[in-house]
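See below for the structure under consideration.
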Amino acid sequence: GDSDINTEVVVLGSGPGGYTAAFRAADLGKQVVLIERYSTLGGVCLNVGCIPSKALLHTAKVITEAEETSLHGVSFGKPKIDLEALRAWKANDVVGKLTAGLAQMAKQRGVTVVQGVGKFTSPHQIAVTAADGKVTTVGFQNAIIAAGSQATKFPGAPEDERIMDSTGALALADVPKRLLVIGGGIIGLEMGTVYEALGSKVSVVEFMDGLIPGADRDLIRPLQKRMEKRFERIMLSTKVANIEAKKDGIHVSFEGENAPKEIEVYDRVLVSIGRRPNGKNIGAENAGVAVDDRGFITVDKQMRTNVPHIFAIGDIVGQPMLAHKATHEAKVAAEVIAGHKVEFQAMVIPSVAYTDPEVAWAGVTETEAKAKGLEIEKASFPWAASGRALSIARSEGATKLIFDKETHRVIGAGIVGTNAGELLAEAVLAIEMGADAHDLGLTIHAHPTLSETICFAAEIKEGTITDML
Ligand code: FAD
Ligand code: NAD
């Protein structure tokens, strides 16, 4: 055609969705072009999301554990924090290694990376504008849109570098004396945990009546209890009325029954009130791809948009906005393009807040079961009765399983506690495989482990639990 480059498959965006789709399509023998506006591959997750946040959360955990070990007879001094070294470790040894690895893998597979902002110009062409203004046109047979999402801005907030989104917070410019987190969801609580450990006084304001509104309340309670102890203030059912940037700090006023009456002054503010899809910035209209008012693109089970040769995956197709959802959708899209008869059919998509303690859940929640009138049974095992939890001084956790009342199969699971995110995997597999309480209870789990708590919860349901420690 009349394009600079012609390819079988073009992928727009190189996050977990985009690079997975590109690599899978290449592995299936397709000629692939991957378009990314930034100089490194990996998207939000690798560069400014999942990975750097987990690196900092690890550091936070080491700090708080060292501090709390003093309660058991071993004291360390106050941590000396070298922010520059911490930033360098995160950027070079964690993020840098992964993004360099991706570039290498793209090369090995013969995936052509074109750097610049891509926009559809027709149903079969994307124009890519590089930073220097140079335009490269890419003609394609199939496209996979994986352009992701961006942080929602706080309406009416002034432009000021002290008012940050998650990317700003991860940059770790300094450790503010007082930090206000607007939005008590996963990003806000993860980054709040990081800054609290580094020495900030952290406050959280959430307009709903609970933190992480999507999770069951019994799972959130232990997290909230610990955060109430460590954080300066948690303000629920509270709205930010006004934000003003002044020389001495960010002045914030609040509205709500439990809201502070006076104006509070913070050194920095993190806005973490959700993310919105990038569907409106890709020239979708030129390709005839339908984008809804919010910027989401609707797809079918094969990740196909309303234009049959154009697919979309990841954050841009809707909730949950999670990396592991994006990668699974990516494989489906690439395989469908290669002629395989597959569709996206996950029974459950696990959610994990990597806070301290972690909160992890998958499948049907109790709240959802109640709302939908589902016939369920639940069994919850308190970690206060787990030898392992006590021996690591973290007995506030709980492991809950939700069963279908008729089939006794596990249909949901929720865990709060240290390592809950890792522990959840067994329950996710159980749900996918249609396991029941009997299967889990009769599977021998190593003692003493936190993973045993899943077996114990199943035994509670079966009425076979004996010595819980
Ligand atoms: P993205 O990762 O958003 O990638 C889209 C890419 O497309 C970007 O690189 C962007 O530059 C590029 N792009 C967009 N438009 C264009 C264009 N027009 N031209 C060229 N390139 C373009 N999820 C988890 O599962 N676990 C976590 O622990 C987790 N932690 C997170 C922590 C933070 C702070 C944040 C912000 C998010 C976190 N997420 C986490 C969410 C996760 O990052 C996203 O779900 C995931 O990155 C979505 O992948 P994606 O491929 O859909 O898009
Ligand atoms: P979120 O939707 O998880 O949480 C936003 C919170 O802000 C909600 O509790 C909401 O009620 C509250 N809120 C909204 N507007 C508000 C306002 N004006 N004032 C006060 N509170 C307000 O969004 P997020 O935490 O920004 O995260 C964005 C996305 O990134 C999520 O979809 C999440 O799935 C993903 N993410 C995942 C992980 C993980 O898997 N560990 C980590 C970070 C981000």
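Only one entry in Val44, Val48, Val11, Val62 is free of Cβ contacts under 8 Å to residues at least 40 places away in the same chain and either at negative phi or within 16 Å of ligand 2 (Cβ to nearest atom) (or both), namely Val62. For the condition open to solvent by less than 40 Å² (accessible area, probe 1.4 Å) and among the hydrophobic types (A, V, I, L, M, F, W, C), Ala389 qualifies.
Scanning for something touching a Lys or Arg at 6+ places or on another chain (Cβ under 6 Å) and surrounded by 17 or more Cβ atoms within 10 Å (Cβ to Cβ), does the stretch 431-442 turn up at least one residue? Yes, the stretch 431-442 contains at least one residue that is touching a Lys or Arg at 6+ places or on another chain (Cβ under 6 Å) and surrounded by 17 or more Cβ atoms within 10 Å (Cβ to Cβ).
The number of residues in the stretch 17-31 that are open to solvent by less than 60 Å² (accessible area, probe 1.4 Å) and either part of a loop (DSSP other than H, G, I, E, B) or away from ligand 1 (no atom under 15 Å from the Cβ) (or both) comes to 3.
For the stretch 309-325, indicate whether the set of residues that are in contact with a helix residue (DSSP H, G or I) (Cβ under 6 Å, 6 or more places away or on another chain), more than 16 Å from ligand 2 (Cβ to nearest atom) and over 30 Å from Gln125 (Cα atoms) is non-empty. No, the conditions are met nowhere in the stretch 309-325. What do you reckon, is Ile297 in contact (Cβ under 8 Å) with a residue 40 or more places away in the chain, within 12 Å of ligand 1 (Cβ to nearest atom) and surrounded by 23 or more Cβ atoms within 10 Å (Cβ to Cβ)? Yes: the conditions hold for Ile297. Here the stretch 326-355 is the region considered, the condition is being buried (at least 22 other Cβ atoms within 10 Å of the Cβ), of a type in the set (A, V, I, L, M, F, W, C) and within 10 Å of Met303 (Cβ to Cβ), and the residue that is nearest to ligand 2 (Cβ to nearest atom) is Ala330. Evaluation of Val359 against the conditions (1) more than 30 Å from Val33 (Cβ to Cβ); (2) β-branched (Val, Ile, Thr); (3) open to solvent by 10 Å² or more (accessible area, probe 1.4 Å) shows that the sole unmet condition is (3). Contact map, the stretch 187-201: first residue assigned to a helix (DSSP H, G or I), second residue among the acidic types (Asp, Glu) and within 16 Å of ligand 1 (Cβ to nearest atom), Cβ cut-off under 7 Å, separation 6 or more or different chains; pairs are Thr193/Asp356.
Considering the stretch 252-279, the residues that are at negative phi, part of a loop (DSSP other than H, G, I, E, B) and among the small types (Gly, Ala, Ser) include one that is surrounded by the fewest Cβ atoms within 10 Å (Cβ to Cβ), namely Ala259.
Are any residues in the stretch 81-124 among the polar types (S, T, N, Q), under 14 Å from Val10 (Cα atoms) and open to solvent by less than 70 Å² (accessible area, probe 1.4 Å), and if so, which ones? Passing the criteria: Thr112, Thr121, Ser122. Every condition in (1) away from ligand 2 (no atom under 16 Å from the Cβ); (2) in contact (Cβ under 8 Å) with a residue 24 or more places away in the chain; (3) under 23 Å from the mean Cα position of the chain (by Cα) is met by Ser53 except one, and the failing one is (1). Condition test on Asp315, is it at pLDDT 95 or above, open to solvent by 30 Å² or more (accessible area, probe 1.4 Å), among the acidic types (Asp, Glu) and within 16 Å of ligand 1 (Cβ to nearest atom)? Criteria met by Asp315. Total residues in the stretch 163-186 satisfying the condition of being part of a loop (DSSP other than H, G, I, E, B) and either more than 15 Å from the chain's Cα centre (by Cα) or surrounded by fewer than 21 Cβ atoms within 10 Å (Cβ to Cβ) (or both): the figure is 8. Filtered by the rule that a residue be assigned to a helix (DSSP H, G or I) and open to solvent by less than 20 Å² (accessible area, probe 1.4 Å), the stretch 208-226 gives Leu219, Ile220, Leu223. Taking the stretch 227-250 as the range and being among the acidic types (Asp, Glu) and in a strand (DSSP E or B) as the test, only Glu244 passes.
The requirement of being modelled with pLDDT under 95 and either open to solvent by 50 Å² or more (accessible area, probe 1.4 Å) or within 16 Å of ligand 1 (Cβ to nearest atom) (or both) is satisfied by Gly77. Looking across the stretch 131-162, the residues that are open to solvent by 30 Å² or more (accessible area, probe 1.4 Å), within 16 Å of ligand 1 (Cβ to nearest atom) and of a type outside the set (Phe, Trp, Tyr) come down to Ala131, Asp132, Gly133, Lys134, Val135, Gln150, Thr152, Lys153.
The values are calculated or read from the model by the stated rules, or taken from the named source; none is laboratory data. Just so you know, these numbers come straight off a predicted model, no measurement behind them. Cβ coordinates were reconstructed from backbone atoms using ideal geometry, including for glycine residues, and neighbour counts include every protein chain displayed. Surface areas here come from the heavy atoms of the whole protein model, side chains and all, with no ligands, DNA or RNA. Shrake-Rupley method; radii C 1.70, N 1.55, O 1.52, S 1.80 Å.
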